[in-house]
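The values are calculated or read from the model by the stated rules, or taken from the named source; none is laboratory data. Worth saying up front: this structure is predicted, and the values here are computed from it rather than measured. So basically every Cβ, Gly included, is an ideal-geometry build from the backbone, and we count neighbours across all protein chains shown. Keep in mind that these areas ignore ligands, DNA and RNA; they rest on the heavy atoms of the full protein, side chains included. Shrake-Rupley method; radii C 1.70, N 1.55, O 1.52, S 1.80 Å.
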Amino acid sequence: MNKPGKAPKTFEVTIEKLVYGGMGLGKHLGKVIFVPFSVPGDRLRVHRVEEKKTFIRAEIAQILKPGDGRVAPACPHFGKCGGCHLQQLEYLRQVETKRRILEETMHHRFPETRELPIIMNACMQPLGYRSRARVQTRGTGEKASVGFFRHRSHVVEDIDNCPLLRPSLNEALSALRQFKIKVDLDASPQEMDMACSHEEGTWATARVGAEPGYGGLPLLGTRRAEDVILRRKVGCFHYSVTASVFFQANDFMVLELAALVHELSANKGRDSALDLFSGVGLFSLPLASQFAKIVAVESSPEACRLCASNASAAGFRNIQTVCTDAAAWMRSEGSATSNKFDLIVLDPPRSGAGTDVMEQINELAPATIIYVSCDPQTLSRDLACISSRAYRIDLVQGLDMFPQTFHFETVVRLSRN
């Protein structure tokens, strides 16, 4: 017999909605049930995996009645591979789900945004869009595995072809597999960053955590490997990137994102702008045509070097690149009287900018702040640090940069009252 209050090992549940993280949410015996790879309206028989005081994690044992919008996934590895979370749901319903999650998050934390329209722009190509990916390798020879972590696991799902990747990136995946099977004798766990340039038809790889100059993947056929420069075109700007530096992964949305940030900065001053977490200069270059001075702060030495190179190649002499941690620079230099900015743009990693950076932005008091985020939870945490007496949120825009996954990009503009 089951203990009082404890769910049976197998039970039925109806999924009410999807939540951030990609889980379907239902209720059973007064507890919230989280079920991956489900859709709203699903009637499921599920198997209990983990039970806590207030919630249960479960997995699908049988779909008794499919919810509206359930479709066959595009990938045979879906459900095992942890890279995708939403392939079971029609794409436009994915977009609406993400819009609702963003709206609920913003309305809950910032009630003033209830007066704003919050939309989520769909990607024109929800498959075959990624020009960058991080893959895992295990073993060598015929025992080699190359792919992505399984769902909620550190076991590697061996994958020959990923439907989210651009053709050139799938070519890189195949070449990496052949390298592990035929050449590499290192069986230790490795992470490899892969990137491609659709414009050039080339790809490159970089071993995560390797010392500069590491050449772990030599020339394979006619393709490039470690430390090779890839050239990307976004609008009228050209960018040199490598596999090991950050650059937006969605080839079909990166121009829309860059154009949105540039549009939101229009008529927001002419003197100076600060680009925090600037990477290789995706936003710095367009802003340099509008502002007299750009300060681009980036902690990655390679990305900072490429940002300076990209600025020079574009003919800009008004971009100052600073290679240091954003929080450290804000504390030591950001408050200097010579550093007064009309605009601050920040595009931090998923962990967010952090309290130190946001408090320093408060002190700098720019006329406009544009925050680009890939995590609504850390975005909300950081925005809460900005004084609501001094600033108002006047725009929230979502972009589905990551179809088939629960992730999305958000752009928020704050203007001084």
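Points worth noting:
- Measuring from each cysteine beta-carbon in the chain, the ones with no other cysteine beta-carbon under 4.7 angstrom are 75, 81, 84, 123, 162, 196, 236, 307, 374, 385.
- For the range 282-330 and the range 224-273, distance of Cα centres in Å: 12 Å
- Inter-part distance where the range 6-32 and the range 127-191 are each reduced to a Cα centre, Å: 33 Å
- Probe 1.4 Å, protein heavy atoms only - accessible area per residue of the range 103-157 in square angstrom: 55 Å²
- Dividing the summed -39500 (n - 2.57) terms of all DSSP H runs of n ≥ 4 by the residue count of the chain sets its mean residue ellipticity at 222 nm at -6500 deg cm²/dmol.
- Take every pair of alpha-carbon atoms less than 8 Å apart whose residues are at least six positions apart; their mean separation over the length of the chain yields a relative contact order of 12 percent.
- For the range 52-75, the residues whose amide N sits under 17 Å from a probe point set 7 Å from the Cα of residue 17 along the beta carbon direction are 68.
- Charge sum, other residues only, whose C-beta stays under 12 Å from residue 24's C-beta, Lys/Arg counted +1 and Asp/Glu -1: +2
- Other residues lying with their Cβ under 11 Å from the Cβ of residue 58 contribute a combined charge of +1, Lys and Arg counting +1, Asp and Glu -1.
- Summing charges over all other residues whose Cβ lies under 9 Å from the Cβ of residue 277, with Lys and Arg as +1 and Asp and Glu as -1, gives -3.
- Which label in [x] 22.4; [y] 20.7; [z] 17.9 gives the computed mean projected area of the Cα convex hull in nm²: [x]
- Note on residue 340: lysines with a C-alpha under 28 Å away, same-chain residues under 8 apart excluded, are 268, 293.
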